[in-house]
Structures are given as structure tokens and as C-alpha cells.
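Since the structure comes first, as C-alpha cells, the remarks are kept for the end.
The values are calculated or read from the model by the stated rules, or taken from the named source; none is laboratory data. For clarity, every value in this text was computed on a predicted model and none was experimentally measured. Methodologically, a virtual Cβ is constructed for each residue, glycine included, from the backbone with ideal geometry; neighbour enumeration extends over all protein chains shown.
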Amino acid sequence: MVVLNKCVLEFTSVPENVAFARVSVAAFASQLDCTLPELEEIKVAVSEAVGNAIVHGYGNKPNHTVRVSATIYKEGLEIRVEDTGIGIADIDLAMQPAYSTDPERMGLGFVFMQSFSDQLQVDSTPGKGTTVTMFKRIGVRGAKARAN
């Protein structure tokens, strides 16, 4: 796939940056032919992935970095959220509805990410971190013209 546009954000692992990430990626994605419901789905998926990095990856410790990249291809939008936190020992278990390592959370983050993406990939190594990659097929406006 040919990259038409890309945005990379790095920020501190504080809860306030969940909102920053969600609106930043949504603003970037708005150059696509997104419907308002699609933009809302993108925002929820980004919120869940970034929230997981902060809460589960870093244990709510604020002195770490979360990296979010959004890439526009002719075929759609890829969003990648990376942390260098504790990692996930059992990805299949973590992706089960209602599973959470935090009893105060509902355990639906991966469910939302999966339902709002056309493809979801989770790569994780215990002690080294997690990368969540989501892809959503969306039409391209201005970027499409640049690709031709």
C-alpha cells in the first residue's frame, strides 16, 4: 500500500492525553470521506487503545510515553498505538469480552476496537510492550487525487 499521508504523536502516559489522541486522530482522519458515525468509531477505538496503554501497559504511571500513528492509504486508515509497558501475557484471553486486569474496568476495550475496525492486530511481548494496529476502510478525498 502506498502511504498518502501520515501523522505521528508521542505524549506522556497521563489520562488527559486520551482525549488529545482521540480528537487529533479524528481531525487527521477527517481528510477522508468519513461519515460522522465513522469518525465517532475512530475516536472510540483510539480512546480504548490509548486508555489500555496508560492503564494496563503502564499501570497509570505518568512518566512513560505512548506513541500513536495514523496513516492514510488509498484503501483506508491505519491507526497504531504503541507502549513499552508490561505487555500482555495472553492476548487471546485479553481480547475476551469482559476480561480485564483491573476489576474497576468493564473489559470491553478490545471488543470496541474490533467492532469499529475492519482489521485489528495486537502484538505484545511481556516486559517489552504492546502495539495495537487497527485498519478501517474509508474513501479518500484529497489524498486520492494526490495518489493518481
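The condition of being not β-branched (Val, Ile, Thr) and not in a helix (DSSP H, G or I) does not hold for Lys43. A Cβ distance below 7 Å, combined with a sequence gap of six or more or placement on separate chains, defines the contacts here; from the stretch 68-79, residues that are in contact (Cβ under 8 Å) with a residue 60 or more places away in the chain reach residues that are buried (at least 19 other Cβ atoms within 10 Å of the Cβ) and among the acidic types (Asp, Glu) in the pairs Thr71/Glu78.
Considering each residue of the stretch 28-37, count those that are out of contact with any helix residue (DSSP H, G or I) (no Cβ under 8 Å at 6 or more places or on another chain) and either surrounded by 13 or more Cβ atoms within 10 Å (Cβ to Cβ) or outside any helix (DSSP H, G or I) (or both), and give that number. Residues flagged as out of contact with any helix residue (DSSP H, G or I) (no Cβ under 8 Å at 6 or more places or on another chain) and either surrounded by 13 or more Cβ atoms within 10 Å (Cβ to Cβ) or outside any helix (DSSP H, G or I) (or both) within the stretch 28-37 amount to 3.
Only a single criterion out of (1) part of a helix (DSSP H, G or I); (2) of a type outside the set (Gly, Ala, Ser); (3) under 16 Å from Glu82 (Cα atoms); (4) at pLDDT 95 or above is not satisfied by Asn52, namely (4).
For Gly59, the requirement of being surrounded by 18 or more Cβ atoms within 10 Å (Cβ to Cβ) and at positive phi is not met.
Among the residues of the stretch 12-23, those identified as in contact with a strand residue (DSSP E or B) (Cβ under 6 Å, 6 or more places away or on another chain) and not in a loop (DSSP other than H, G, I, E, B) are Asn17, Ala21. Exactly one residue out of Asn60, Asn52 is more than 17 Å from Phe116 (Cα to Cα) and out of contact with any Lys or Arg (no Cβ under 8 Å at 6 or more places or on another chain): that is Asn60.
Which ones in the stretch 45-66 are hydroxyl-bearing (Ser, Thr, Tyr) and closer than 14 Å to Lys128 by Cα? Once the filter is applied, which keeps residues that are hydroxyl-bearing (Ser, Thr, Tyr) and closer than 14 Å to Lys128 by Cα, the stretch 45-66 yields Tyr58, Thr65. Counting only helices (runs of 4 or more DSSP H) that fall entirely inside the stretch 82-148 and contain at least 1 residues that are in contact with a strand residue (DSSP E or B) (Cβ under 9 Å, 6 or more places away or on another chain), modelled with pLDDT of 70 or more and within 21 Å of Leu36 (Cα to Cα), the qualifying elements are 109-115.
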